[in-house]
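J.: Let me give you the structure first, and then I'll get to my questions.
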Amino acid sequence: MAQPTDLDLYERIRQKDKEALEVLYDRYEKLLYSFAYRMMKDSQAAEEVMQDVFMKLWRGKGAGQYVSGRGKFSSWLLTITRNASIDLIRKKKVQEVEWDQRDSVHEDLPGVEQEIEDKEERNQLRRAVHTLPDEQQRMICLFYFQGMSQREIAEKCDIPLGTVKGRVRLALKKLREHLEKEGGIVYER
Amino acid sequence: MNDKPCDHILDYINDQLSDIERKQFEKHLSECPRCQEELKEMEDLMGDLPTYMEQTEPPAGMKQRVLDEVFSNEEEDTAPVRTKRPVKWKAWSGVLAAGLLLSIGMNVYTGLEVSDLATENEQLESSLTEIQTALSELEDSESGTASPLQQTELASAEGTNAAGTATLLNRETRQELLVQTQNLENLEPGEVYQVWLIEGETPEPAGAFTTNDTGSGGVAFTINEEKSWDAVAITKEPQTGNQTPQGEIILQAGL
Ligand SMILES: [Zn+2]
């Protein structure tokens with residue numbers, strides 16, 4: 001018997017089929033958890049993110065609703081995982097506001113560097129990020145890993161609001177080029 | 001925060017828009033080929049980045065914990081809750097919907113130029129419905145710390161069919177009150193509708209607004225949390241800036 005596709009499972013989840021959620025969970029646990037862990041740098045917080053993601057998926061409202069025709073299901077799951085992480089980062093940040101305000105330009109870079117450096121040498125993302133100029137590393141850190149708003153990035157980097165989009169895009173593009181040059185482990189299902 | 005709808009794309013991707021802003025952007029998206037293309041590009045660029053990251057072994061027992069929590073919350077959800085309705089502004093909280101509710105307020109306010117009566121009323125009604133949806137979603141969602149925002153119907157003075165609502169929202173470090181009204185009498189030039197917050201017997205001026213020619217209007221303002229407000233009221237004042245009310249109360253509600 002063929003494995004149910006992600007979309008089959010999603011449909012069953014919408015019908016409140018607990019088993020379907022469990023199958024989907026098993027399928028994506030490692031990928032999503034690993035990602036949440038990269039974002040949060042903390043296993044407990046990463047578990048909170050997982051909780052949030054599967055809660056949203058089960059409830060199927062608002063952000064927990066997959067709109068077919070807009071990208072792969074796995075990409076969408078990664079997107080809500082990223083958004084749940086960003087959300088939690090922001091909640092946790094509220095308690096650290098004072099530190100945050102004193103952050104100097106270089107104080108947030110270690111976020112990314114440390115996060116990436118802690119990991120083993122083989123980490124492709126780390127190598128790819130490191131090949132980028134500082135400014136691009138920073139865009140990736142602030143936009144992708146910390147999930148900042150356009151305005152926050154503009155303020156933090158002291159650049160015009162209108163240039164943020166272009167810079168983020170360029171940084172992501174360059175990162176992508178490096179990753180593709182090296183060839184990736186493509187997660188397939 | 002931005003002038004052009006196209007400028008919202010990064011915040012859309014990073015989920016930094018309120019529900020209403022998000023819906024507005026999605027509507028724009030459906031009409032703007034440039035944004036569609038950019039979004040697709042960004043999604044392609046970011047989509048599978050996590051697959052390039054090193055994998056981490058999930059902690060033991062996480063699956064059980066996560067799924068148990070998901071399914072047990074589900075059971076609670078179906079039970080009729082919502083018994084606890086705090087009375088004082090202070091006790092209310094819920095950070096999420098603040099921006100969203102405010103943006104509805106702004107829509108109502110900027111919608112004032114619309115001259116067609118039916119459209120205007122529909123617009124206000126649908127905004128109010130959206131608020132209610134937002135509120136009930138909020139009530140459904142976050143458990144634990146976030147208790148629901150409160151919305152109060154304003155009572156009208158005798159002989160008028162004025163109507164309105166007051167909605168309290170907690171916006172990070174401050175609280176804001178959103179007041180929306182309809183069926184108010186037209187103002188003479190210079191006159192305003194003034195919102196008062198009342199502590200005991202003492203009214204304090206809060207926001208003021210004017211109406212469009214169908215009598216709809218609204219305003220949102222920050223409120224002082226140090227005080228324990230007992231009521232909110234709206235009067236018609238001959239000019240802005242009155243420190244005590246000259247006009248009769250048209251709409252009011254206890255808080
Ligand atoms: Zn656009």
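J.: Of (1) of a type outside the set (A, V, I, L, M, F, W, C); (2) closer than 30 Å to residue A:16 by Cα; (3) within 11 Å of the ligand (Cβ to nearest atom), residue B:47 satisfies all except one. Which?
T.: Only one criterion is unmet by residue B:47, namely (3).
J.: Among A:25, A:33, A:37, which is the only one that is open to solvent by 30 Å² or more (accessible area, probe 1.4 Å) and facing chain B (nearest Cβ under 7 Å)?
T.: Just a single option satisfies the conditions, and that option is A:37.
J.: Among the listed residues A:11, A:47, which satisfies the condition of being acidic (Asp, Glu) and within 10 Å of another protein chain (Cβ to nearest Cβ)?
T.: Going through A:11, A:47 in turn, the sole match is A:47.
J.: Another one. I'm trying to understand the selection: among the residues of the range A:123-174, which are in a loop (DSSP other than H, G, I, E, B), of a type in the set (A, V, I, L, M, F, W, C) and surrounded by fewer than 16 Cβ atoms within 10 Å (Cβ to Cβ)?
T.: Scanning the range A:123-174 gives a single hit, A:159.
J.: Which of the residues spanning the range A:41-66 are assigned to a helix (DSSP H, G or I) and of a type in the set (Ser, Thr, Tyr)?
T.: Within the range A:41-66, the first condition is being assigned to a helix (DSSP H, G or I), and the residues that meet it are A:43-59, A:62-64.
Scanning the range A:41-66 gives a single hit, A:43.
J.: Looking only at residues that are open to solvent by 20 Å² or more (accessible area, probe 1.4 Å) and under 17 Å from residue B:160 (Cα atoms) in the range B:185-213, which one is modelled with the lowest pLDDT?
T.: Here is the first cut: in the range B:185-213, the residues open to solvent by 20 Å² or more (accessible area, probe 1.4 Å) are B:185-191, B:198-206, B:208, B:210-211, B:213.
Checking which are under 17 Å from residue B:160 (Cα atoms) leaves us with B:185-187, B:211, B:213.
On the way: B:185: 83, B:186: 82, B:187: 84, B:211: 82, B:213: 76.
Result: B:213.
J.: Residues of the range B:216-230 being open to solvent by 20 Å² or more (accessible area, probe 1.4 Å), touching a Phe, Trp or Tyr at 6+ places or on another chain (Cβ under 9 Å) and within 13 Å of residue B:166 (Cβ to Cβ), which ones?
T.: Residues satisfying the conditions are B:219, B:220.
J.: Could you check the range B:231-245 and list, in sequence order, the residues that are closer than 13 Å to residue B:191 by Cβ and surrounded by fewer than 12 Cβ atoms within 10 Å (Cβ to Cβ)?
T.: B:239, B:241, listed by residue number.
J.: Also: Which one is farthest from the other protein chains (Cβ to nearest Cβ), of the residues in the range B:14-30 that are within 13 Å of the ligand (Cβ to nearest atom) and buried (at least 18 other Cβ atoms within 10 Å of the Cβ)?
T.: In this case the residue turns out to be B:25.
J.: Continuing with the same structure: Return yes or no: is residue B:235 at pLDDT 80 or above, touching an Asp or Glu at 6+ places or on another chain (Cβ under 8 Å) and not in a loop (DSSP other than H, G, I, E, B)?
T.: On the way: at pLDDT 80 or above: yes; touching an Asp or Glu at 6+ places or on another chain (Cβ under 8 Å): yes; not in a loop (DSSP other than H, G, I, E, B): yes.
So residue B:235 fits the description; yes.
J.: Any chance you could count how many residues in the range B:31-43 are within 11 Å of the ligand (Cβ to nearest atom) and open to solvent by less than 30 Å² (accessible area, probe 1.4 Å)?
T.: 4
The values are calculated or read from the model by the stated rules, or taken from the named source; none is laboratory data. Quick caveat: nothing in here was measured; it's all calculated off a predicted structure. Backbone-built Cβ (ideal geometry, glycine too); neighbour counts: all protein chains shown. Accessible surface is based on the protein model in full, side chains and every heavy atom, while ligands, DNA and RNA are left aside. Shrake-Rupley method; radii C 1.70, N 1.55, O 1.52, S 1.80 Å.
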